[in-house]
Amino acid sequence: MSEPILSTKLYVGIWATLICLTVITASVAFVDLGPFNTVVALVIATLKALLVVLFFMHVKYASEKLTKMVIIATLFWLLILLFLSLADYGTRAMTRT
Amino acid sequence: MASTAIPVEREHYLNTDYGIRSWLFTTDHKRIALLYLVTITVFFFIGGFFALLIRLELLTPAGDLVLADTYNKLFTMHGQVMIFFFLIPSIPAVLGNFLVPMMVGAKDLAFPRINLLSWYLLVAAGIVMLHTIITGGVDSGWTFYTPFSTAFSNTKVIEAGLAIFIAGFSSILTGLNFVVTIHRMRAPGLTWSRLPLFIWAHYATSIIQLLGTPVLAITLLLVVFERAFHLGIFDPTRGGDPLLFQHLFWFYSHPAVYIMILPAMGVVAEIIPCFSRKRIFGYSAVAMSSIAIAVFGFLVWAHHMFVAGISLYSAMIFSILSYLVAVPSAIKVFNWTATMYKGSIHFDTPMLYAMGFIGLFTMGGLTGLFLAALGIDVHVTDTYFVIAHFHYIMVGGAVMGYLGGLHFWWPKISGRLYPEWLGKFAALTVFLGFNLTFFPQFILGYLGMPRRYWEYPPEFQVLNVLSTAGSTILAVGYVLPMIYFLWSMRYGKIADANPWGAAGLEWKTASPPPTDNFREIPEVSWEAYNYDEIPAPAEVPVGR
Amino acid sequence: MADSSLAVEHQEGLDHQFVDREQQRNAASLGMWVFLGTEVMFFGGMFCAYLIYRYWYYNEFAAGSRSLDIVLGTTNTAVLICSSLTVALGVRAAQMGKRRLLLLLLLATLVFGLGFLVIKGVEWHDKYVEHHIPGPSFNAEELIRKNPELHIDPAPTQIYFSLYFAMTGLHALHMVVGVGIFCFLTYYAWKGRYTPEYHTPVEIGGLYWHFVDIIWIYLFPLLYLIDRKR
């Protein structure tokens, strides 16, 4: 398994996209979208993170699935932590009298 | 090398080099395992000393042996030392370190220097912990519950927290080494379905260590920040939620129980087929149940918080999820029992420990179901029922597995046999002493004796005396193996490569193994536990 | 089998427990990915606390977020993204064996990394001047005065700043570790240790750097952009 050598052009393109997304997310924050401000901010952050993981960290070109499995397993565990904690916090108001 | 005419002793990992430097700077996983063995034995006896003081205090209803504050410190430090400095590293860091590379047919773990680093981290953490103990101790309980630990306790919470934080790093690095070794270093032909169940158990354990420990690390760090720098994340006076601490704490500390018990299950899965002379029943079910325990273990943590004020709906969810863990645990117990069925059973010392494990773990597990049930848990929360339950798992389960494994692989580790009759005697002493210590505590708890008090009403005294008496027997059972293991290193009968007639790559190399484990990397073309192809040893090896 | 493995001549940077370079490289890469998994859970504990408290104390979080300097925050995000580019190009230079280019890019990464820490330091100093560091000297009056429409409870504003300092502080600590790693890489790149055949340290050091960048990519919107519209 040898790492592919990507072109400088691709890396610079990803970099430019990341910078654009940063500017966009900072500007959109000043526009009132109601609850969607948070959604947009997180979607853009996830997009940026994906670009870094897939291209800068070469996951898109990894020849085996193990790296992807590690990432997915980690995110799954993070979601367990967040969701099951929220199972408590989200329903407390229902049981308090 | 062979130029000398005098017949020299065969070179192995113990005699390649002598001197303190050859041990302190070694990167050989086998030597590091022995370093761990010495370290955790020290902590085991420190923790055991606290346990005996606790039991002595509880011999009489009045709080007369130690002060109430001292008692608080005793049970806190007993818990912290035993859990973080003995049980968590016990089987993985000693037996796992020694055996994982050999069982996968590798020369060493993937990262030998990181392996050594993780031992140094445990030692550093241990020194901080000892310093805490000597200079005043901690009284927060091993659970560090806020706001007591952050705002009210005037003992060394910061120091103890940092000690456990560092010990956590050690645990993470061990898990990381195992995962990478199991994925990347397997010998040719050794597919996942041919791996010993010990390896599967350690793989599952490593998953928990890797994904759980960091959450404990950040939680303790936030407690330290709150005490040291006035951050206010769990502080109720600033709107913080102490329950959030409990959520984060138990997210690690419940699965931590499986860090202790899964490797013990791996040990038992090696011992039972060997002394029943049969292939393990339901190999893939046992393997998968280890992974299932690792996953389900993360879904149940809030059953420690049923009476703490979490919402009723989430309590119901966590109660149901807690029952899930019983499924893979039961699968294991049934499969071990089925393995013994119609087997040719030899009651050697390791087998006695393994059978003790099955019985005690089953009792601990079943009482765990009582505690998972919302209604009963409200009744017995924070009583001696809980204490008895988790000691059946951690001591009856994990420590029995650890001692069983130590006896099983001692010929491989030391190249010597221990005296078999003493081994059997110690195994029975441990079993009897353990039950006498902890079974009365089930009854005490059910009658309503709360945990963490230094005195109690006189009507509880009979059961407490039984428990204290049992603890002294248990102590004898734990000291004996240490004595005869040390004795056997010099005087024990020389063991051959495979004294038990066991399957597994570690038995195919010499005892003790050479530094590189194998003369040549083996190629595996057989399934695990092929006992139908291995002859039983002509006579059961009996040490002098 | 044994003969052939004995016959392999000693390879630069190949440890004895591995059969060949590929196995070593795969082990190192998996090791780093697994370690990054533990790091996700480490920060995950704080993200969990953040999520719950933001849900409970939205207004206080909004006021705290508005008090941060968005220009410095955005600049710092851009600085980190630039550093990630130089790291990615550095790995490429190492793959192709261009020593001078690798050195240059590693140094550029160090400059960006230190620049980030300097800007972060300026922001922390601002918080110190504004009495926004949690503890006895914390003062929420300015937040209340500037955000009358939010009806802020002064106590939980400290939770926002506690999380702010815990999260950015531990992120900065990771940056410091990253700078240390890259000093090490720069030294060995200067000595010419890395070749197209052996450059694993550059690769896995790069993975760590990108990961620290990703944490910041999430911290930026979560801490700076909670409620900027007025």
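The values are calculated or read from the model by the stated rules, or taken from the named source; none is laboratory data. No experiment lies behind these values; they were computed from the predicted model shown. Neighbour counts are summed over all protein chains in view; Cβ atoms, including those assigned to glycine, are modelled from backbone coordinates with ideal geometry. Calculation scope for accessible area: heavy atoms of the full protein, side chains included, ligands and nucleic acids excluded. Shrake-Rupley method; radii C 1.70, N 1.55, O 1.52, S 1.80 Å.
Here are some notes:
- Boolean, B:Thr383 is open to solvent by less than 30 Å² (accessible area, probe 1.4 Å) and in contact with a strand residue (DSSP E or B) (Cβ under 9 Å, 6 or more places away or on another chain): yes
- For the range B:296-330, filtering for residues that are touching a residue at least 60 places away in the same chain (Cβ under 8 Å) and either part of a helix (DSSP H, G or I) or among the hydrophobic types (A, V, I, L, M, F, W, C) (or both) leaves 9.
- In the range B:105-126, the residue that is farthest from B:Leu173 (Cα to Cα) out of those that are facing chain C (nearest Cβ under 7 Å) and not aliphatic (A, V, I, L, M) is B:Lys107.
- Of the residues making up the range B:160-187, those that are within 11 Å of another protein chain (Cβ to nearest Cβ) and aliphatic (A, V, I, L, M) are B:Ile172, B:Leu173, B:Leu176, B:Val179, B:Val180, B:Ile182, B:Met185, B:Ala187.
Listed here are the residues, each with its yes/no results for (1) open to solvent by 10 Å² or more (accessible area, probe 1.4 Å); (2) hydroxyl-bearing (Ser, Thr, Tyr); (3) under 23 Å from the mean Cα position of the chain (by Cα).
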position: B:Lys30; (1), (2), (3): no, no, yes
position: B:Phe50; (1), (2), (3): yes, no, yes
position: B:Val66; (1), (2), (3): yes, no, no
position: B:Asn72; (1), (2), (3): yes, no, no
position: B:Ala106; (1), (2), (3): no, no, no
position: B:Met129; (1), (2), (3): no, no, yes
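- The sole residue among A:Ile80, A:Ile71 that is in a helix (DSSP H, G or I), open to solvent by less than 60 Å² (accessible area, probe 1.4 Å), at pLDDT 95 or above and more than 7 Å from every other protein chain (Cβ to nearest Cβ) is A:Ile71.
- Of all residues in the range B:329-372, those satisfying the criterion of being over 19 Å from the mean Cα position of the chain (by Cα) and closer than 18 Å to B:Gly297 by Cβ are B:Ala330, B:Ile331, B:Leu366, B:Thr367, B:Leu369, B:Leu371, B:Ala372.
- Here B:Ser290 fulfils each of the conditions (1) open to solvent by less than 20 Å² (accessible area, probe 1.4 Å); (2) part of a loop (DSSP other than H, G, I, E, B) apart from (2).
- Taken together, the residues in the range C:188-202 that are within 11 Å of another protein chain (Cβ to nearest Cβ) and surrounded by fewer than 22 Cβ atoms within 10 Å (Cβ to Cβ) amount to 3.
- Number of positions in the range A:18-44 that are open to solvent by less than 30 Å² (accessible area, probe 1.4 Å) and within 8 Å of chain C (Cβ to nearest Cβ): 8
- Which listed residue, of B:Leu417, B:Leu403, is within 16 Å of the chain's Cα centre (by Cα) and under 22 Å from B:Arg31 (Cα atoms): B:Leu403
- All helices (runs of 4 or more DSSP H) inside the range C:66-164 with 1 or more residues being within 29 Å of C:Trp190 (Cα to Cα) and open to solvent by less than 30 Å² (accessible area, probe 1.4 Å): C:70-96, C:99-129
- Taken as a whole, the structure places B:Phe85 among residues that are under 23 Å from B:Gly168 (Cα atoms) and touching a residue at least 60 places away in the same chain (Cβ under 8 Å).
- Residue match in the range C:186-201 (condition: modelled with pLDDT of 95 or more, over 13 Å from C:Gly113 (Cβ atoms), in contact with a Pro (Cβ under 9 Å, 6 or more places away or on another chain) and not β-branched (Val, Ile, Thr)): yes
- Total residues in the range A:47-68, condition open to solvent by 20 Å² or more (accessible area, probe 1.4 Å) and either under 13 Å from the mean Cα position of the chain (by Cα) or of a type in the set (Asp, Glu) (or both): 6
- Residue match in the range A:88-97 (condition: of a type outside the set (Phe, Trp, Tyr) and within 8 Å of chain C (Cβ to nearest Cβ)): no
- Scanning the range C:48-82 for residues that are at the interface with chain B (Cβ under 10 Å from one of its Cβ atoms) and of a type outside the set (D, E, K, R) gives C:Cys48, C:Ala49, C:Tyr50, C:Ile52, C:Tyr53, C:Trp56, C:Tyr57.
- Within the range B:487-503, the set of residues being open to solvent by less than 20 Å² (accessible area, probe 1.4 Å) and closer than 15 Å to B:Pro537 by Cβ comprises B:Ala495, B:Pro499, B:Trp500, B:Gly501, B:Ala502, B:Ala503.
- Per this entry, B:Ile164 is counted among residues that are modelled with pLDDT of 95 or more and open to solvent by less than 10 Å² (accessible area, probe 1.4 Å).
- With respect to the conditions (1) more than 19 Å from the chain's Cα centre (by Cα); (2) under 22 Å from C:Phe43 (Cα atoms); (3) crowded, with 17+ Cβ neighbours inside 10 Å; (4) of a type outside the set (A, V, I, L, M), A:Thr91 lacks only one, and its number is (2).
- Exactly one residue out of B:Ser311, B:Ser319 is within 14 Å of chain A (Cβ to nearest Cβ), open to solvent by less than 70 Å² (accessible area, probe 1.4 Å) and at pLDDT 95 or above, and it is B:Ser319.
- Lone unmet requirement of (1) farther than 25 Å from B:Phe460 by Cα; (2) part of a helix (DSSP H, G or I); (3) in contact with a Gly (Cβ under 8 Å, 6 or more places away or on another chain); (4) not β-branched (Val, Ile, Thr) for B:Arg113: (3)
- Verdict on C:Phe211 being open to solvent by less than 40 Å² (accessible area, probe 1.4 Å) and either part of a helix (DSSP H, G or I) or at pLDDT below 95 (or both): yes
- Scope the range B:188-225; condition more than 10 Å from chain C (Cβ to nearest Cβ) and in a loop (DSSP other than H, G, I, E, B); matching residues: B:Gly189, B:Leu190, B:Thr191, B:Leu195, B:Pro196
- Restricting the range B:236-261 to residues that are part of a loop (DSSP other than H, G, I, E, B) and surrounded by fewer than 24 Cβ atoms within 10 Å (Cβ to Cβ), the residue that is farthest from the other protein chains (Cβ to nearest Cβ) is B:Asp241.
- If you go through the range C:216-230 and keep only what is open to solvent by 10 Å² or more (accessible area, probe 1.4 Å) and either on the phi > 0 side of the Ramachandran plot or touching an Asp or Glu at 6+ places or on another chain (Cβ under 9 Å) (or both), you end up with C:Lys229, C:Arg230.
- C:Leu36 passes every criterion in (1) surrounded by fewer than 16 Cβ atoms within 10 Å (Cβ to Cβ); (2) at pLDDT 95 or above apart from (1).
- Meets criteria (more than 7 Å from chain A (Cβ to nearest Cβ), touching a residue at least 24 places away in the same chain (Cβ under 8 Å), under 29 Å from C:Leu163 (Cβ atoms) and not basic (Lys, Arg)) for C:Leu207: no
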